[in-house]
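Down below is the structure, laid out as structure tokens.
The values are calculated or read from the model by the stated rules, or taken from the named source; none is laboratory data. Note that the structure is a prediction, hence the values are computed from the model and not measured. No Cβ is skipped: glycine too gets one built from the backbone with ideal geometry, and neighbour counts run over all protein chains shown.
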């Protein structure tokens, strides 16, 4: 038996219960498996359990996994900080990039995405609660960035990504309000559909506030070993 079947099913059950409590359709919330530091064998096992979307934080580690698992139909998300000198690999190898917080990064991704590829899905990372240690644009910058990035070819701007400080659940509601404001005023509704927020320890609060994509690592794979 695949041991990751049980952990994935447990997380899916948590999501279903959180959706029920929030009065939401479980189909409106997707599960992104955060697989940083996990070996390719663990990703393959999670894939066999039914998972298709995987999020990676470290570029070289991710590129190695993409090569090793090339025969699997994985949807690759980059959820780490995006550096200017790394955009070419991101534009070439990934389906989603969540950490875009500057126009120059979006422009580079657009320029380096091949026209023959499907548009690269983008989430704007917003420093929703103004943490000194977190990347992301400021909430007041979002409207202008949306207007500018929406004009770039080879990109599809899908929504926002936030990483609030631990236990700051009001920041989830602030992110949802910002997401809704942009959708009403600036974005094309058919594309602006993703609010990437919530992790293993706060998925219930994130679902209650309106998350559409949960980034779950520890609850799926167990505690990470950063010594490797």
Q. How many residues are in contact with a helix residue (DSSP H, G or I) (Cβ under 9 Å, 6 or more places away or on another chain), within 24 Å of residue 141 (Cα to Cα) and surrounded by 22 or more Cβ atoms within 10 Å (Cβ to Cβ) when one looks only at segment 89-98?
A. 2
Q | Evaluation of residue 137 against (1) free of Cβ contacts under 8 Å to residues at least 40 places away in the same chain; (2) within 14 Å of residue 155 (Cβ to Cβ); (3) in contact with a helix residue (DSSP H, G or I) (Cβ under 8 Å, 6 or more places away or on another chain) (one fails), failing number | A | (2)
Q | Residues of segment 170-211 that turn out to be assigned to a helix (DSSP H, G or I), touching a helix residue (DSSP H, G or I) at 6+ places or on another chain (Cβ under 6 Å) and modelled with pLDDT under 95, as a count | A | 1
Q: Only one of these is farther than 19 Å from residue 207 by Cβ and surrounded by fewer than 14 Cβ atoms within 10 Å (Cβ to Cβ): 170, 153. Name it.
A: 153
Q) Residues in segment 126-135 that are closer than 11 Å to residue 101 by Cβ and buried (at least 24 other Cβ atoms within 10 Å of the Cβ): how many? A) 1
Q. Which condition number in (1) buried (at least 23 other Cβ atoms within 10 Å of the Cβ); (2) farther than 18 Å from residue 101 by Cβ is the one that residue 180 fails?
A. (1)
Q) If you take the residues of segment 1-35 that are within 18 Å of the chain's Cα centre (by Cα) and either in a helix (DSSP H, G or I) or at pLDDT below 95 (or both), which of them is nearest to residue 71 (Cα to Cα)? A) 8
Q: Can you confirm whether segment 137-148 contains a residue that is surrounded by 15 or more Cβ atoms within 10 Å (Cβ to Cβ) and part of a strand (DSSP E or B)?
A: yes
(Q) The conditions are (1) in a loop (DSSP other than H, G, I, E, B); (2) touching a strand residue (DSSP E or B) at 6+ places or on another chain (Cβ under 9 Å); (3) touching a residue at least 24 places away in the same chain (Cβ under 8 Å); (4) within 28 Å of residue 39 (Cα to Cα), and residue 118 fails exactly one of them. Which is it? (A) (3)
**Q.** Members of segment 67-82 that are surrounded by fewer than 19 Cβ atoms within 10 Å (Cβ to Cβ) and either over 23 Å from residue 109 (Cα atoms) or touching a helix residue (DSSP H, G or I) at 6+ places or on another chain (Cβ under 8 Å) (or both)
**A.** 68, 69, 71, 72
**Q.** Leading residue by the ranking (surrounded by the fewest Cβ atoms within 10 Å (Cβ to Cβ)) among those in segment 26-51 that are farther than 16 Å from residue 218 by Cβ and in contact (Cβ under 8 Å) with a residue 60 or more places away in the chain
**A.** 28
Q: Name the one entry in 102, 108 that is farther than 16 Å from residue 182 by Cα, in contact with a helix residue (DSSP H, G or I) (Cβ under 7 Å, 6 or more places away or on another chain), surrounded by 15 or more Cβ atoms within 10 Å (Cβ to Cβ) and modelled with pLDDT of 95 or more.
A: 108
Q.
Exactly one of these conditions fails for residue 23: (1) touching a residue at least 40 places away in the same chain (Cβ under 8 Å); (2) out of contact with any strand residue (DSSP E or B) (no Cβ under 6 Å at 6 or more places or on another chain). Give me its number.
A. (1)
(Q) Out of the helices (runs of 4 or more DSSP H) lying entirely within segment 44-114, which hold 3 or more residues that are under 17 Å from residue 159 (Cα atoms) and over 14 Å from the mean Cα position of the chain (by Cα)? (A) 103-112
